[in-house]
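Chemist: Would you mind keeping the following structure in view while I ask a few things?
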Amino acid sequence: MIACAPRVFADDLDVLATVDELIGARVCLVSDGGLVSAGHVARATQLIEGVAQEVRLFTEVTPNPTPADV
């Protein structure tokens, strides 16, 4: 079973530091290379690591994916 928390976008990264209920024990952070290059993924990972036991990254997503990409 996969449980998904609400989506959090780059403009909302600070919410990760304040809302522990959004984060489970294990988190898979999915992003594209553009957000990695911009530093958003590093910031999100840092904030998530403060409350999660494990963070895994998957950053091989096509920017602005379509349903067919998913």
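The values are calculated or read from the model by the stated rules, or taken from the named source; none is laboratory data. On a predicted model such as this, the values are computed, not experimentally measured, just so you know. With ideal geometry, Cβ positions are generated from the backbone for all residues, glycine too; neighbour counts draw on all protein chains shown. Remember, those area values only see protein heavy atoms, side chains included, never the ligands or the DNA or RNA. Shrake-Rupley method; radii C 1.70, N 1.55, O 1.52, S 1.80 Å.
Chemist: Just checking, how many residues over the range 45-60 are modelled with pLDDT of 85 or more, buried (at least 16 other Cβ atoms within 10 Å of the Cβ) and not polar (S, T, N, Q)?
Modeler: The qualifying residues number 1.
Chemist: Let me ask another. Which members of the range 42-51 meet the condition of being under 12 Å from the mean Cα position of the chain (by Cα) and closer than 20 Å to Ala25 by Cβ?
Modeler: Within the range 42-51, Ala44, Thr45, Gln46, Leu47, Ile48, Glu49 meet the criteria.
Chemist: Could you please find all residues in the range 61-70 being open to solvent by less than 100 Å² (accessible area, probe 1.4 Å), aliphatic (A, V, I, L, M) and either in contact (Cβ under 8 Å) with a residue 40 or more places away in the chain or assigned to a loop (DSSP other than H, G, I, E, B) (or both)? Walk me through it before giving the result.
Modeler: Of the residues in the range 61-70, the ones open to solvent by less than 100 Å² (accessible area, probe 1.4 Å) are 61-63, 65-66, 68-69.
From what is left, the residues that are aliphatic (A, V, I, L, M) are 61, 68.
Matches in the range 61-70: Ala68 only.
Chemist: Between a first residue in the range 25-40 that is farther than 13 Å from Pro65 by Cα and a second residue that is among the polar types (S, T, N, Q) and surrounded by 15 or more Cβ atoms within 10 Å (Cβ to Cβ), which pairs have beta carbons less than 7 Å apart while being 6 or more apart in sequence or on different chains?
Modeler: Leu29/Thr45
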